[in-house]
Structures are given as structure tokens and as C-alpha cells.
Amino acid sequence: MTSELTAPGRTETAAPPPPPRTRGPRLRALDGLRLLAALMVAAYHYGGRGGDISRAWGSSPAHQFPSASNLFAYGCLGVQIFFVISGFVICLSGWGRTLRSFIASRVSRLYPAYWVAVLLVTAVFALPWVAYRALGPSEVLTNLTMLQLPLGVPRVLGVCWTLWAELRFYALFALCVVLPGATRGRVVLFCAGWTLAAALAQAAHQPFLDVVLMPQYAPFFIGGVGLYLLHRYGARDPIAWAIVLVSWLIGQHYAVAGLWHPPSATAFSYRSEAGIVAVVTLGFALVAAVALGALRWANWRWLTDAGALTYPFYLVHEHLGWVVVHALHRGLGVPSYATFALTVGLMLLLAWLLHRWVERPLTPFLKRSVDPKRPPAGAAPPPPPAAGP
């Protein structure tokens, strides 16, 4: 709860109780954007980079997709778009929750499909006819914690570095916003404080501060939070617009700094500076369109179903995709573009199986285990703390 300072001689009056928290219709366009970002990352992993995928194709993806590989190379920016969406969604879902409820929602959302994906990839890589090294039992067990990166343990899933970034964002948001109670003032202070602290961490060159404050990823999460403020309080909120604008300016800087390089004959691909800025801008713009209601017309039920596949697809598509590409292209001689499409389709089918048989039964069970005092499904949630200025 917030308190008001009163001038001398004035009587402090209690604020009226806040109205019950209500949720609007589901933002199905946001579900579609999540899957679009995941497909961008898949295009990058299958055709926009070198490394192990070259072994799967039998040659560089640049030879398999001579006209498309440079376009696929921009797909890695789907991660930054994910982070913007995550900032929006976490602020939306965390508003009015208790800390325990917030932790339960995040644990139950992240871990069931992740555990199965880690074990599944390990099992497939251990098959004698699969030419990729499986990690040892101790390394796999450590991977189940999702803390393998800070512990210095090799990764089972290449994409798990983004989950480590998400975990740190959840921790910061939980401590600074959820624990004291979400208000507009606290969220604005969180965004401003994190932006300044991340900039100072970048200047300080201290590894610990870099790990905690994530300067290169913070503006995308913060930008998503700012976009949620626009969604919640309307487009006439200049402070929310300032948060979004500053986050976009800093975010495009980090994206260019991390991905741009001069044209080089030895590099796998070349991303232009303008192209990188354009993709980052498009990501912010699309989430802004959802936040401000411009994509309200995209209210098809299948978008929600597609969005449900995003997380399990993201987990399994890279490493298991190598195996499928190898089997289809080199084993069966399927042409490159057909192999690409079939691999994406098979990974989406596997994602549906994980969602249907892992996430749907285990997520509510795990949520109840972490937060047994949650109200039953369909009950009205408790009112949020009083809104700040």
C-alpha cells in the first residue's frame, strides 16, 4: 500500500479502496508475435549461421541458401524481440500478484517443458548414429537447474543463455516491483533506475554488475515494461513514451554493437547497420501496436494455440533440428528449402506434443505445489495495491 504525505495542519484521509483487478480480452496478436520471433530464431539457426548446422547440411548454409542466408542472419534479433515481449508480459502478469504467486507462475511456466527438452536432447545425442556429443550425467543434472551458465557447466540447449537472462529479469522485477506491490510509480522508478544502473555497469566494466544488470539486454526488457504502461494507462502517458524511446535508442545501440561488422570475405554473413536498426525498430513497433490496440482485429483463436507452441518449439528446435536436417537432406536427399520447411514443421509438431502432454498437465500441478494457497481457477483475484502517481 502507498501512503500520502500531508502538510502540517491537514488531516490525512485514507485512500478509497482500489477497484477489483480486471483483465481485458487476451492479446492474441502478442501470441502471434511470440511465434514469429521464434521462427526468426529458427531461420537463423538453420540457415543464417555456420557451426554445427553446417555439419548437418554437409556444407555451409550459405551454399544451401545463397539468396536467403543473409536474410536469415537477421533472425537472431528475434531474441531481442522476445525480450521486449517478455517485459510487456511480465509486467502484465505480475501486476497485483503476491511474490509467492509470481514465483509459482514463473517456475511452472519455465521448467516442465525445459526439463523434458534437456532430457530429450541428451537422449537423442547419445544415440550411436547421431554425430553430436552428449554431455555427461553430472552436467545434464546441473542443466536441469537452469543455472548452468553461471556455474560454468556446458549447455545441453544452446538457447538456454536467453533463459538465464529471463531469470535475472524476473528476479529484478520481483524484488523491485512485485515484492513491494506494483504501482505505476514503482514501475516507472524501476525502469528509470535499471536504465541508469545498467549504463553505469557498462562504464564500470565490473563482471558482477554486468551479470546482475545485463546492460546489453536491459533496454529490451525495460522497453517492454514501458509499452505495458502505455497499454494500461493509455497513449497519453509521456513518461511511458520516454521509457520506450530511451529503451529503443539504447537497445538499437547494443544490437548494432553486437551484430554489425565491416564487410568481410571470411565472415559467414553480413548484416547492415540499417538492417539491424530496422529489425529492432520493427520489434518495438509491433509490440507497441499490440499495446495501443492497433492489432486488436487480429483476434483469431489459432493465434493463442500458436503462441502456446512458442516456448517448447524454442527449446527443442535448434539441436534436434540439426538431427532432422541431417536425416532429411543428407540421408534422404530432400532439397534444401523442403528440408528447411519440413524441419520447422516437425519441430512445431514436437512442440505441440510437449505442450499437450507435458505443459498442460504439469504446469498447474507445479503451480499449486509452489503456491498451494492460490485461489481456484475462475475465482476473482485479489485487488492490486493502490496505484501510485
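Worth a mention:
- Hydrodynamic radius by Kirkwood, which averages 1/r over all alpha carbon pairs of the range 190-275, in angstrom: 14.3 Å
- D_trans [Stokes-Einstein, Kirkwood Rh over alpha-carbon pairs] for the range 138-205, 25 °C, 0.890 mPa s, µm² s⁻¹: 176 µm²/s
- Convex hull projection area averaged over all views, the range 240-287, Cα basis, nm²: 3.6 nm²
- For the range 66-180, the Cα gyration tensor yields ellipsoid semi-axes of 30, 21, 11 Å (square root of five times each eigenvalue, largest first, whole Å).
- Segment residue 26-residue 63, extension gain: residue separation times 0.36 nm, minus the distance between their alpha carbons: 9.1 nm
- A crude spin-label estimate for the pair residue 100 and residue 189, with each label 7 Å from Cα along the Cβ direction, gives 2.6 nm.
- Virtual paramagnetic centre 7 Å along Cα→Cβ of residue 55, amide N under 19 Å, in the range 154-170: 154-160
- Spin-label pair residue 235/residue 332, simplified geometry with 7 Å Cα→Cβ offset, distance in nm: 4.8 nm
- Computed lengthening from residue 175 to residue 242, 0.36 nm per intervening residue step minus Cα-Cα distance: 21.8 nm
- Largest-first ellipsoid semi-axes for the chain, taking √(5λ) over the Cα gyration tensor eigenvalues, angstrom: 38, 24, 20
- Between residue 71 and residue 353, the contour length at 0.36 nm per residue exceeds the Cα-Cα span by 98.5 nm.
Any read-out appearing in this document is the output of simple, stated calculations on the displayed coordinates, not a laboratory observation. Predicted model only: the values in this text are computed from it and were never measured. Backbone-built Cβ (ideal geometry, glycine too); neighbour counts: all protein chains shown.
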